[in-house]
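Asks: Got a structure here, written out as structure tokens. Questions coming.
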Amino acid sequence: MFYKKFYNYIIITFFTIFIFPTIINASNCGEIIKPLSYFDKVSTYSLLICAGLFVIGILVDKKIGKIITLSFAILPFALWGYVQFMIDFTELKKNVFAYNALAEGTLANIAEAQDRYKSEQGVFLKDLQELYSHVAGSQGINPCVKILKINAGFSQWIAEAKHVSSPDTIKWDSSMGSSLKKG
């Protein structure tokens, strides 16, 4: 009897996780955005391949070779058209800006914690684990933002952060004005 209930529990749990995978990862960080230069390269190369296949199709003497080559020229042209007309670059730029703002907000929270720690201890904090406890007083660190690097000296600190869905890295330098001001 116990084994049957346990077996049913395992099956139900497996199917629940399989059907609803977002239950495990509750924090949704958004869709990962490729850099805009990626789309520019795809557009350029597909147009060059299309033009090359078109020229080759014109130069081929056999009718079947001409048909095959010109037919293959349609695929890169369709890819170029998809990048040019179907991808909403305005929406991508808005999303990247929003993700970068979240990363900047996290760095602002770190700046506040660094100032608090400097006023208490006299130096800036390098250890990220210890910094997390000091950031807890402010809004904290967004779980979707990864702190890539933090370097602290006696008089200044520099940090780099990146939202996991954004292609950009945000840098914060305390030597550019006050430590609460982005550098």
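Asks: Given the conditions (1) touching a strand residue (DSSP E or B) at 6+ places or on another chain (Cβ under 8 Å); (2) without any contact (Cβ under 8 Å) to a residue 40 or more places away in the chain, and given that residue 78 satisfies all but one, which numbered condition is not satisfied?
Replies: Exception for residue 78: condition (1).
Conditions (1) modelled with pLDDT of 95 or more; (2) part of a helix (DSSP H, G or I); (3) in contact with a Cys (Cβ under 6 Å, 6 or more places away or on another chain), marked per residue:
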residue	(1), (2), (3)
7	no, yes, no
13	no, yes, no
16	no, yes, no
27	no, no, no
46	yes, yes, no
52	yes, yes, no
61	no, no, no
67	no, yes, no
103	no, yes, no
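Asks: Given the options 52, 57, 65, name the one that is surrounded by 17 or more Cβ atoms within 10 Å (Cβ to Cβ) and not assigned by TED's automatic domain parsing to the domain that holds residue 141.
Replies: Working: 52 fails: surrounded by 17 or more Cβ atoms within 10 Å (Cβ to Cβ); 65 fails: surrounded by 17 or more Cβ atoms within 10 Å (Cβ to Cβ).
Step by step, each of 52, 57, 65 is checked, and only 57 is surrounded by 17 or more Cβ atoms within 10 Å (Cβ to Cβ) and not assigned by TED's automatic domain parsing to the domain that holds residue 141.
Asks: Name the one entry in 50, 144 that is in contact with a Pro (Cβ under 6 Å, 6 or more places away or on another chain) and either touching a residue at least 40 places away in the same chain (Cβ under 8 Å) or not polar (S, T, N, Q) (or both). If you could, list the steps in order and put the result at the bottom.
Replies: Details: 144 fails: in contact with a Pro (Cβ under 6 Å, 6 or more places away or on another chain).
Criteria check complete, one pass: 50.
Asks: Between a first residue in the stretch 104-116 that is basic (Lys, Arg) and a second residue that is at pLDDT below 80, which pairs have beta carbons less than 8 Å apart while being 6 or more apart in sequence or on different chains?
Replies: 116/134; 116/137
The values are calculated or read from the model by the stated rules, or taken from the named source; none is laboratory data. Just so we're clear, the structure is a prediction, and the values are computed from it rather than from any experiment. In this analysis, Cβ positions are derived from the backbone assuming ideal geometry, glycine residues included, and neighbour counts consider all displayed protein chains.
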